[in-house]
Amino acid sequence: MVTISMEIQILFAGALFLTGLLGLLVRRNIIFMLLSIEIMLNSAALVFIIAGSHWMQADGQVMFIFILTVSAAEVSVGLALILQMYHHYRTLDADAINRLHDKKENEK
Amino acid sequence: MNTIFYIAGGVAIISSLLAITNRNAIHALLYLILSLLSISVIFYILGAPFSAALEVIVYAGAIMVLFIFVVMMLNIGLEEEQENKWLTPRMWIVPSILALALLIIFIYVLKEFQFEKTTADIIGPKQVGIKMFTKYLLAVEISAILLLAGIIGGYHLGKQKKKVLHRFIDNIRKI
């Protein structure tokens, strides 16, 4: 089995989380933002697994399954929202939807 | 086993970095699948084979296929001038510094903790199932409601209202 200390393992999960955060900060394409959120959720799940294996409890894996559920629901709703956004604005740029009121509708 | 952990971890972080820096959405998703698979290797060697299987089946299988379907449906790659215009290497500097600062804080906090050493053992699906359906039964039901809400939300938002009056009128407009 793995004999690496828990600090290093959690550090790895933290580095993965910060990778996701970096992607979320820099990218403006909304698909990539959703993808970065996936990376972050996954690293949070990794911390649960690490803790569960360290204290030899099944709770960590149970929490992993709940995170999986939350992430599946989030992705389905998020992708449906992206489809709607692309349908309305013909772009995937997150900055393009910063207006509450649609300007084109006003002009008509 | 330790070597496998380091290799899989390195592959996971590098492929995640490639996934967030890639311009092409499909390539980024493939890199993300690689990252998920290497994380699943880490789950396996940490003594969680059930979670490793779930990671491959649900994450790399179902969720990523959903992503790829949407990317292929949208047919993107043509109109991202806005992002291409200011996604220069210079844009990565400040967020990278901020993320690195958080990483340094994280290392500092981890050094303060003292975890006692235990020998890890395999936790199979049986223990997970017993715990899930006794202690966490309420949470399972709540997540079932969450999935139902996800289904209804996805269906409602995914519906597209028809804006075309008639195909002849649409053809005339195009001409």
Item checked: Sulfur and carbon atoms: percent of accessible area, region B:2-123 [1.4 Å] -> 73
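How large is the charge dipole for the protein assembly as shown, taken about the Cα centre, if only the Cβ atoms of Lys, Arg (+1) and Asp, Glu (-1) carry charge, to the nearest 20 debye? Walk me through the numbers before you get to the answer.
On the way: 22 positive and 19 negative charges, 210 e Å.
For the protein assembly as shown, the charge dipole is close to 1000 debye.
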Notebook entry, point to check: How big is the charge dipole of region A:6-93 about its Cα centre, in debye rounded to the nearest 20, if each Lys and Arg gets +1 on its Cβ and each Asp and Glu gets -1 on its Cβ?
Noted result: 320
Notebook entry, point to check: Classify region A:1-96: rounded, prolate or oblate, from the alpha-carbon gyration tensor (a ≥ b ≥ c, eigenvalue square roots; a/c under 1.5 rounded; otherwise prolate if a/b is larger than b/c)?
Noted result: oblate
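Apply the a/c threshold of 1.5 to the C-alpha gyration tensor of region B:2-123 and tell me whether it is rounded, prolate or oblate.
oblate
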Notebook entry, point to check: Which of the trypsin sites (Lys or Arg not before Pro) across region A:16-104 are loop residues per DSSP, with 11 or fewer other Cβ within 10 Å?
Noted result: A:90, A:99
Item checked: Packing rank of B:46-56, B:16-26, where each peptide gets the mean count of other beta carbons within 10 Å, highest leading -> B:46-56, B:16-26
Margin query: Between region A:27-41 and region B:36-56, how far is it from one alpha carbon centroid to the other, in angstrom?
Written below: 22
Next item on the list: Would you mind computing, in nm to one decimal, how far apart the modelled labels at residue B:72 and residue B:148 are, each placed 7 Å from Cα along Cα→Cβ?
Entry: 3.3
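Return the average number of partner chain Cβ atoms within 10 angstrom of each residue Cβ along peptide B:137-150.
Rounded to a whole number, the mean comes out at 3.
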Notebook entry, point to check: With point charges of +1 on the Cβ of Lys and Arg and -1 on the Cβ of Asp and Glu, referenced to the Cα centre of the protein assembly as shown, which listed residue (B:75, B:3, B:138) lies farthest in the positive direction of the dipole?
Noted result: B:75
Notebook entry, point to check: Average partner chain C-beta neighbours within 10 Å, per residue of B:17-27?
Noted result: 4
Notebook entry, point to check: Can you give the relative contact order of region A:6-93 as a percent, counting alpha carbon pairs under 8 Å and 6+ residues apart?
Noted result: 28
Item checked: Residues of chain A: accessible area per residue with a 1.4 Å probe, Å² -> 41
Next item on the list: Could you tell me whether the protein assembly as shown comes out rounded, prolate or oblate from its Cα gyration tensor? Rule is a ≥ b ≥ c as square roots of the eigenvalues, rounded for a/c under 1.5, then prolate if a/b exceeds b/c, otherwise oblate.
Entry: prolate
Next item on the list: Apply the Karplus parameterisation 6.51 cos²θ - 1.76 cosθ + 1.60, with θ equal to phi minus 60°, to every residue of region B:58-63 and state each ³J(HN,Hα) to the nearest whole Hz, in sequence, with x for glycine and proline.
Entry: 7, 6, 5, x, 7, 5
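The values are calculated or read from the model by the stated rules, or taken from the named source; none is laboratory data. Here the structure is a predicted model, which is why all the values come from computation and not from measurement. With ideal geometry, Cβ positions are generated from the backbone for all residues, glycine too; neighbour counts draw on all protein chains shown. Protein only, heavy atoms only, side chains kept; ligands, DNA and RNA dropped before computing areas. Shrake-Rupley method; radii C 1.70, N 1.55, O 1.52, S 1.80 Å.
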